[in-house]
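The values are calculated or read from the model by the stated rules, or taken from the named source; none is laboratory data. Values in this document were obtained by computation on a predicted structure and should not be read as measured data. A quick note on method: Cβ atoms are made from the backbone with ideal geometry, for glycine too, and the neighbour counts reach across all protein chains shown. Protein only, heavy atoms only, side chains kept; ligands, DNA and RNA dropped before computing areas. Shrake-Rupley method; radii C 1.70, N 1.55, O 1.52, S 1.80 Å.
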Amino acid sequence: MVRQGNIDNPPKTPLVPGFECSGIVEALGDSVKGYEIGDRVMAFVNYNAWAEVVCTPVEFVYKIPDDMSFPEAAAFPMNFVTAYTMLFEIANLREGMSVLVHSAGGGVGQAVAQLCSTVPNVTIFGTASTFKHEAIKDSVTHLFDRNADYVQEVKRISAEGVDIVLDCLCGENTGKGLSLLKPLGTYILYGSSNMVTGETKSFFSFAKSWWQVEKVNPIKLYEENKVIAGFSLLNLLFKQGRSGLIRGVVEKLIGLYNQKKIKPVVDSLWALEEVKEAMQRIHDRGNIGKLILDVEKTPTPLMANDSTETSEAGEEEEDHEGDSENKERMPFIQ
């Protein structure tokens, strides 16, 4: 989304993308307390994370648990902080509730599933590409194909709907999500991946996605006892100054990690020179969990039948999203 210009006010090019990283402290500002050179840390960065050396304010830096690897640490902050904040700070997840999450095989989707498992009797409904179902079936109670009529499937299982909808798609899914909410249920929009259709920004797809968003009537929300919310971790951190709140969330998450209740899901490791192929894997929806750029990794020679051609934008992208060959480009790192 950053590359296509779908993010508000990105820096002018050339820029280095990336909002999270892990590594070793090499230098400290004069007033920095609590950290020493050599500490293993993970951090949020307002761009520039895809680099060998990164500088960021100390308020966005956190120490890594001793038994957490650097790839796990790089996969940890964005996904789990996003999932935890939505579930517990906004939607107040409690015992016996039900949650619908899109892109259940992605990084946030898997973090949501793991965090829901820490609360008794939570039912998870998830959508994902069919070829991912076998790998993630144990983490989601009810799993549907991403192109299926999930509204009818959910209502067939739970006639009342669900308590929480976590929507990273936007477009027509906004209205569908609101229609599935139980009274006092919460719908949270935290992304708009339907606007990403190919290698370049498609203004047609952008306009179509927003046109499909159901216009929200506050009186209807009042009458139906429904809550609609939005969540942007990057804005909360870098524009709204809530790093203290996020530090508290990270501390709770590290506690859950140390108790072995949650664990980052790393799909695959890539050299910096392989960023094009890594991005293509994301476009093809081939990943389960996070893709990690490893500055110490040497590029992997591509197989003869391994395509590095960029996909076409728009409808042709849909044709190969479920192509099982795409997901074999790199082995999963479990």
Neighbours by Cβ (under 7 Å, 6+ apart or cross-chain): first from segment 83-97, farther than 16 Å from L256 by Cα; second open to solvent by 60 Å² or more (accessible area, probe 1.4 Å): E95/P120; E95/N121; G96/N121
Count of residues meeting criterion [in contact with a strand residue (DSSP E or B) (Cβ under 6 Å, 6 or more places away or on another chain), under 20 Å from Y187 (Cβ atoms) and open to solvent by less than 40 Å² (accessible area, probe 1.4 Å)] in segment 60-92: 2
Among the candidates L115, L28, L93, residue that is in contact with a Leu (Cβ under 7 Å, 6 or more places away or on another chain), at pLDDT 95 or above and either over 25 Å from F144 (Cα atoms) or not in a helix (DSSP H, G or I) (or both): L93
Members of segment 114-131 that are within 16 Å of the chain's Cα centre (by Cα) and either closer than 22 Å to I282 by Cβ or open to solvent by 40 Å² or more (accessible area, probe 1.4 Å) (or both): Q114, G126, T127, A128, S129
Residues located in segment 244-258, provided they are touching a residue at least 12 places away in the same chain (Cβ under 8 Å) and open to solvent by less than 50 Å² (accessible area, probe 1.4 Å): I246, V249, V250, L253, I254, L256, Y257
All positions within segment 211-236 that are at pLDDT 50 or above and assigned to a helix (DSSP H, G or I): P218, I219, K220, L221, Y222, E223, E224, L233, L234, N235, L236
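Yes/no matrix, rows are residues, columns are (1) buried (at least 19 other Cβ atoms within 10 Å of the Cβ); (2) farther than 19 Å from A113 by Cβ:
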{"residue": "D138", "(1), (2)": "no, no"}
{"residue": "K155", "(1), (2)": "no, yes"}
{"residue": "C168", "(1), (2)": "yes, no"}
{"residue": "G177", "(1), (2)": "yes, no"}
{"residue": "I188", "(1), (2)": "yes, no"}
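To keep it simple, each residue is scored yes or no on (1) open to solvent by 70 Å² or more (accessible area, probe 1.4 Å); (2) in contact with a Leu (Cβ under 8 Å, 6 or more places away or on another chain).
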| residue | (1), (2) |
| --- | --- |
| R242 | yes, yes |
| K260 | yes, no |
| L272 | no, yes |
| A278 | no, yes |
| D284 | no, no |
